[in-house]
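Asker: Let me give you the structure first, and then I'll get to my questions.
Nothing in this text is a laboratory measurement; each read-out follows from the coordinates by a stated rule. The structure presented is a predicted model; accordingly, all values stated were derived computationally and were not measured. All Cβ positions, even for glycine, are placed from backbone atoms using ideal geometry, and neighbour counts span all protein chains on display.
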Amino acid sequence: MLFLLFHLGPDRYALQASHVIEVVPLVTLKSLPHAPAGVAGMFNYRGQLVPAVDLSQLTLGVPAAQCLSTRIIVVNYTGAGGTDRLLGLIAEKATETLRTDVRNFVAHGLKLRSAPYLGPVMLDPQGPIQWLDEKQLVSGPISRFLSANAESFDSSAAVQA
Amino acid sequence: MPAAQAPPTACWAQVGVYGDSSCPELQRFVHCRNCSVYSAAGLDLLNRPIPAGYQHELTHECGRPRQVRQSSRNSAVAFRVSAEWLALPTPALLEIAEYRPIRSLPHRRQGIFLGLANIRGEVTLCVSLGHFLGLEKLPSRESLRRAYHRLLLITHEGQRLAFPVDEVHGPVHLLPEQLLPPPATIARSVRSYTQSLFRSEQHLIGLLAPRPLFEALNRSFT
C-alpha cells in the first residue's frame, strides 16, 4: 500500500495515498472568523472553496512552518448529512511517499480519546511512522463548525487571492 | 526520530562522485544519487521559507482547473508512396530496410502481391501498398530519387509484411489534438484504412490503421 508521509513536529506520520485527491502548495488562506483551533482558514481549490485544517496547530498547538515543504493535502471527508466534502490538511514536510505492507503497522494499544485519528505504528529504520486516519480527523468542534458553514463551502465562487 | 539530517558539508562534493569518490558507501550505491543521504539533502532544500511573491503565484495557480498532462503521445512513422504521404503507428513498424530485389513468384497475379524478399534472413511477403490503395503512380521523372527508396517491414498480431516506399520521413510524435478525422474528399480506398490525418511539415499525412490493413491484405491473398 502506498502512503504519503508528513511530519507533525519531529514525528512522522502516514496517510493512505489512495485517499489523497491532490497535494497542493501552502497557498494563502482566507481567514475564517470564529473558527475553532486548528481550522486555519479556507482556500480556492480549483474553483471551489475548501476549508484548511492545520494538523500541527490541531495536534501540537503550534502552526505549521511556512516552508516550501509544508503543503496542503486535499482529502475527502464525510460531512453532516453524509455528503462528501473536500478538506485541506496543512502538513509539514509532506514530500515523500512510502510503499509498504499494511501489516507492518502494529497497534500500540494506546487509543487516545482525544486523538482517535492516530492509528497503528510502523517501525522504520529512520524511526516510527504513525498511521493517520483523516476520516476520523474531523470531529467535535471542527466538525460542527464545518457543517454550520457548509453552504459557503459549497459555492464555487472563486476566492480573490 | 527525526528524518535524516543533511550533513553539515556536502559529502557528495567531498568524498562522493563529485569529489574524490573515496566514500565507502559508493561500493553499495555506485553513484551518490542512489544514496539516501544525497536524496535527504535534496528534500531538505524544500525546508526553507516560501519566497516572496511565489506564494501569491501558487495561490493563483491552485485556483485554476487542474492541468492534466497528456502522457499518451502517439508515435507514428511517416512515409511517401507515390504522391501520397502516409503513416503507420510506430508499434506496427518492425524495420525500415534498404531497398532490395523482390522475387516475384509465378502464377501469382501482379498488382498487390509483389513477391518475396529476404529481410535479415527471413523470407518476407512484399506487397504494393500503392496498388492496394489505388494510388496513382508518379511519372518516372518524379520518382528519380531512388536513393530514398526503402522497404518498410510492418507487423500486426504476429504477421509480417513488407512494402516498398519512395521515401521515409521518420518518426513523428503526435498529440491527440493534432489528429484530424479523414475528410470525405479522400479516396474511399484510402479512407477505409485511415484512422486520422495530421499535418507535419506542410504535408497532410494519413495515419493508417494496421488492423483493417492487414485484414484486407490477408483477404486479397486467399
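Asker: What percentages make up the Cα-Cα pair-distance distribution of region B:89-218 when the bins are 5 Å wide from 0?
Answerer: 2, 9, 18, 22, 23, 16, 7, 3, 1, 0
Asker: Stretched out fully, how many nm does the piece from B:A10 to B:R191 gain, at 0.36 nm a residue minus the Cα gap? List each step's numbers first, then the result.
Answerer: Working: separation 181, 0.36 × 181 = 65.16 nm, distance 6.19 nm.
Between B:A10 and B:R191, full extension yields an extra 59.0 nm.
Asker: With the convex hull built on the Cα atoms of region A:1-105, state its orientation-averaged projected area in nm².
Answerer: Directional mean of the projected Cα hull area for region A:1-105 stands at 7.4 nm².
Asker: Under the Kirkwood approximation for Rh and a Cα-based Rg, what ratio Rg/Rh is obtained for region A:1-47? Don't jump to the answer; show the numbers that get you there.
Answerer: Numbers: Rg = 13.5 Å, Rh = 13.1 Å.
Result: Rg/Rh = 1.03.
Asker: For a distance above 27 Å, tell me the whole-number percent of Cα pairs in the protein assembly as shown that qualify. Provide the component values of the computation, followed by the final result.
Answerer: On the way: 47712 of 73153 pairs.
Tail fraction, whole percent: 65.
Asker: Here is a further query. From Cα coordinates alone, what are the radius of gyration and Dmax values for chain B in angstrom?
Answerer: Spelled out, the Cα radius of gyration and Dmax of chain B are 27.6, 82 Å.
Asker: Once both labels are modelled 7 Å past Cα along the beta-carbon direction, what's the A:D124-A:M1 spacing in nm?
Answerer: My value for the distance between the label points is 1.5 nm.
Asker: Moving on to the next point. So for chain B, averaging the separation of alpha carbon pairs under 8 Å that are six or more residues apart and normalising by length, what relative contact order in percent results? Can you show the working numbers first?
Answerer: Details: 314 pairs, mean separation 42.0, N = 222.
For chain B, the relative contact order is 19 percent.
Asker: Rounded to the nearest 0.05, what FRET efficiency is calculated for A:S143 and B:S21 with R0 set to 56 Å and r the Cβ-Cβ distance? Working shown, then result.
Answerer: Values: r = 57 Å, r/R0 = 1.01.
Efficiency, rounded to the nearest 0.05: 0.50.
Asker: Aspartates and glutamates near A:K135 by alpha-carbon distance under 17 Å, same-chain residues fewer than 8 away left out - which ones?
Answerer: A:E22, A:D54, A:D84
Asker: So, one more: Can you compute the helix-only [θ] at 222 nm over the protein assembly as shown? Use -39500 (n - 2.57) per DSSP H run of at least 4 residues, normalise by all residues, nearest 500 deg cm²/dmol. Mind dumping the intermediate values first?
Answerer: Numbers: 10 runs with 66 residues, N = 383.
Calculated mean residue ellipticity at 222 nm is -4000 deg cm²/dmol.
Asker: Here's another thing I want to ask about it. Work out, in µm²/s and without decimals, the Stokes-Einstein translational diffusion coefficient of region A:45-143 at 4 °C, 1.567 mPa s, Rh from Kirkwood over C-alpha pairs.
Answerer: Values: Rh = 15.1 Å.
After rounding, the answer is 86 µm²/s.
Asker: Run the quick spin-label model on B:S104 and B:R64: label points 7 Å from Cα toward the beta carbon, then report their separation in nm to one decimal.
Answerer: For the pair B:S104/B:R64, the computed spacing is 6.1 nm.
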